[in-house]
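K.L.:
I'd like to ask some things about the structure below.
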Amino acid sequence: MTSAASPYLDLWALRPGVTYLNHGSFGPSPKAVTANRQEWIERLESEPMDFFVRQMEGHLDEARKRLGDVVGTSGDNLVFVDNATFAMNIVAASFPLATGDEVLATNHEYGAVLRIWREQCQAAGARLVVQKLPEKFDAADEVAAALIAGANSRTKLIVVSHITSPTALILPVAEICRQAKSRGIPVCIDGPHALAAVPVNLTQLDCDFYCASCHKWLSAPFGSGFLYIRPRWKQTIRPVVVSWGDSLSGVRTVGRMNSSGQERGTPRRSWRCPPRSIFSRTCLPRRL
């Protein structure tokens, strides 16, 4: 493929001769995004104390706000993490489970997600239930009902993909959330493949948690993901990396997450970049 064949090829720094199709695993960022990311790294390195202590929180707040505009929620409900797997680990480490409880998932879930919850359930004396979905998807309510059929009085959480990783199916997560809510069961959505592939509106979905990676179809820098936490769960969710907690400026943040080490990592952290870097679509022609 040459630049003449694709007017967009020169926007990426791909190796000559490569036709890159696997954004579902790792989506390379356009040159404009990587350049902007480098600018922010240099800004940080030029005066780390000024950046960390006086500037960083304002930039994170603005980035969360802009991300919230994209995914249909307030930025106050979002926490930046490395990727969806990191986000899922946070939920699993915080979610209250006791002996005899159950977590319900589908047989289309990402292997790492099943492993996370299997180990967490084992540690708590709970059980992970993997519900088989229909071979053929005819209607959203039928698919949702097939999953909910695996729930009972012991089910404390449903974990489900927005778009499945092994089978590339768009699951009816809105209907699943609706049916789960009618039974008082919270829902955690694994959504790394959905962002920029299908519309995502977290307010309309009405889920409790949403785990996502921005480095796939959104083409944001590697290491940029987020966790959505429904407000009622903010005081339940705890970071897996413990540091200061709350905010360096004294402003209360999302639970104890933002200044906990969750968002105060090394200078290379991609989610520190402001919206132009995180949202690569703003760097590309509108028709792309």
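Just so you know, all these numbers are worked out from the coordinates, no wet-lab data involved. Being a predicted model, the structure only gives us computed values, none of them experimental. As a convention, Cβ positions derive from the backbone with ideal geometry for all residues, glycine included, and neighbour counts pool all protein chains shown.
K.L.:
Starting from 0.36 nm per residue, how many nanometres of slack lie between Leu21 and Arg232 once their C-alpha separation is accounted for?
P.N.:
Result: 72.0 nm gained on full extension.
K.L.:
Order of Ile148, Ile158 from fewest to most other C-beta atoms within 10 Å?
P.N.:
Listing Ile148, Ile158 from fewest to most nearby Cβ atoms yields Ile148, Ile158.
K.L.:
Still on this structure, please answer the following. Hey, can you rank 108-114, 84-90 by average C-beta count inside 10 Å, highest first?
P.N.:
84-90, 108-114
K.L.:
Moving on. Working out 0.36 nm times the residue gap between Ala168 and Asn152, then minus their Cα-Cα distance, what length gain in nm do you get to one decimal?
P.N.:
3.0 nm
K.L.:
Taking the Cβ-Cβ separation of Arg66 and Gln38 as r and a Förster radius of 22 Å, what is the calculated FRET efficiency to the nearest 0.05?
P.N.:
0.65
K.L.:
Arrange the peptides 69-76, 12-19 so that the one whose residues have, on average, the most other Cβ atoms within 10 Å appears first.
P.N.:
69-76, 12-19
K.L.:
Next question. With θ set to phi - 60° and the Karplus curve 6.51 cos²θ - 1.76 cosθ + 1.60, what are the ³J(HN,Hα) couplings of the stretch 37-49 in order, to the nearest whole Hz, using x for Gly and Pro?
P.N.:
4, 5, 4, 6, 4, 5, 5, 5, 5, 6, 6, x, 4
K.L.:
I would also like to ask the following. Efficiency by 1/(1 + (r/R0)^6): what FRET value for Lys31 and Asn201, r their Cβ-Cβ distance, R0 = 22 Å, to the nearest 0.05?
P.N.:
0.15
K.L.:
Using amide H atoms built in the peptide plane, which far-off residues or other-chain residues are under 5 Å from Thr155 H to H?
P.N.:
Glu102
K.L.:
Cα to Cα, under 24 Å, and not fewer than 8 places away if on the same chain: which lysines meet these conditions relative to Lys156?
P.N.:
Here the lysines satisfying the reach criterion relative to Lys156 are Lys132, Lys181, Lys234.
K.L.:
So what's the gap between the Cα centers of the stretch 6-57 and the stretch 72-141, to the nearest angstrom?
P.N.:
30 Å
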